[in-house]
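The values are calculated or read from the model by the stated rules, or taken from the named source; none is laboratory data. All figures in this text were calculated on a predicted structure; none of them were measured in a lab. Cβ placement follows ideal geometry from the backbone for every residue including glycine, while neighbour counts extend to all protein chains displayed. Just the protein is used for accessible areas: all its heavy atoms, side chains included, with ligands, DNA and RNA removed. Shrake-Rupley method; radii C 1.70, N 1.55, O 1.52, S 1.80 Å.
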Amino acid sequence: MAGTLSAHERHVLTAVSAGASSLSFVGSGFIVLCYVLFKELRKFSFKLVFYLALSDMLCSFFNMVGDPSKGFFCFAQGYSTHFFCVASFLWTTTIAFTLHRTVVRHKTDVEDLEAMFHLYVWGTSLVMTVIRSFGNNHGHLGTSCYTQTGRTGKAIHFITFYVPLWGAILYNGFTYFQVIRMLNNATRMAAGMSERAYQLDARADMKALNRWGYYPLILIGSFAFGTINRIHDFMEPDKIFWLSVLDVGTASLMGLFNSIAYGLNSSVRRAIYERLELFWPERFRRWLPNNSKYRNQQQESELVSLKIQDQQ
């Protein structure tokens with residue numbers, strides 16, 4: 001249905017945004033909590049995931065709060081959401097960069113780059129948010145003040161969010177392609193070796209990293225409908241309700257998708273299992289996963305532990 005959104009349609013969008021953002025807030029908050037509680041997760045590799053989850057959690061939080069009809073809260077909500085959502089997809093590029101630098105280029109200095117990562121992510125997010133304030137004729141879909149009604153504002157919003165977003169998607173895709181190609185070559189080399197240890201190591205690396213080829217799809221799935229909706233909104237003032245629902249719903253679920261893909265890895269599952277094993281009543285332990293399953297997943301640690309600890 002095309003045309004101006006009715007009050008009922010705006011209420012539906014509000015409910016979709018609040019529900020999806022709540023799921024993302026819980027998912028990313030869980031990863032943040034795991035990082036705070038489990039000391040063994042506080043390695044540099046998982047620290048990047050922590051910053052990603054923290055950005056997602058705050059992005060989701062500001063998506064859920066604030067009354068778009070009130071001026072100050074409208075601006076606060078819109079700019080805060082923009083800042084932390086940009087920071088979220090920028091943190092995924094630092095993870096991709098770290099993997100590439102460690103696996104492909106065999107560098108071990110990634111921990112020394114943490115300050116640069118923070119300057120790059122928070123600085124770029126701030127610059128994009130400040131630029132977005134130009135032409136700031138804010139409006140909303142009944143869900144947040146994240147959109148702008150003026151034509152200039154729409155163009156600036158697209159330039160300050162969707163252009164860097166698709167740049168991050170292209171960079172992540174290219175980087176993961178190179179990482180997976182490198183590990184594929186390592187696997188083929190290991191297949192020709194008689195030492196079983198080399199074969200098992202290469203096989204474990206591929207099991208852990210093959211799934212990373214799908215991670216750029218998280219950003220694509222979260223913002224493809226939003227990109228289409230923004231382009232349509234710029235060209236045609238009448239909104240399409242079903243497209244707006246898909247836009248709001250998928251974008252608000254980004255934090256949940258990231259927390260599952262990046263955060264809920266074997267290291268986190270193993271840490272949770274070990275705590276459950278300590279405090280779970282003896283008669284219920286048979287319902288827990290096999291202990292050896294998690295002990296044998298050491299090779300599949302977060303980002304394959306980026307091989308940092310082994311190389312330093």
| remark: The FRET efficiency for Tyr171 and Val130, from their Cβ-Cβ distance with R0 = 25 Å and rounded to 0.05, is 0.65
| query | Probe 1.4 Å, all protein chains in place: accessible area of Arg105 in Å², nearest 10? | reply | 120 Å²
| In Å², nearest 10: area of Glu111 left accessible to a 1.4 Å probe | 80 Å²
| How much length, in nm to one decimal, is gained on full extension between Met116 and Ala155, taken as 0.36 nm per residue of separation minus their Cα-Cα distance? | 11.1 nm
| remark: Judged on accessible area alone, 1.4 Å probe, highest first, Val130, Val65 line up as Val130, Val65
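Using the per-residue mean of other Cβ atoms lying within 10 Å as a proxy for protection, in what order, highest first, do the peptides 112-122, 155-165 fall? Please list the in-between numbers first.
Working: 112-122: 14.1, 155-165: 17.9.
So the order, starting with the most tightly packed, is 155-165, 112-122.
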| remark: Expected field for Leu33, accessible surface area in Å² at 1.4 Å probe radius, rounded to 10, holds 90 Å²
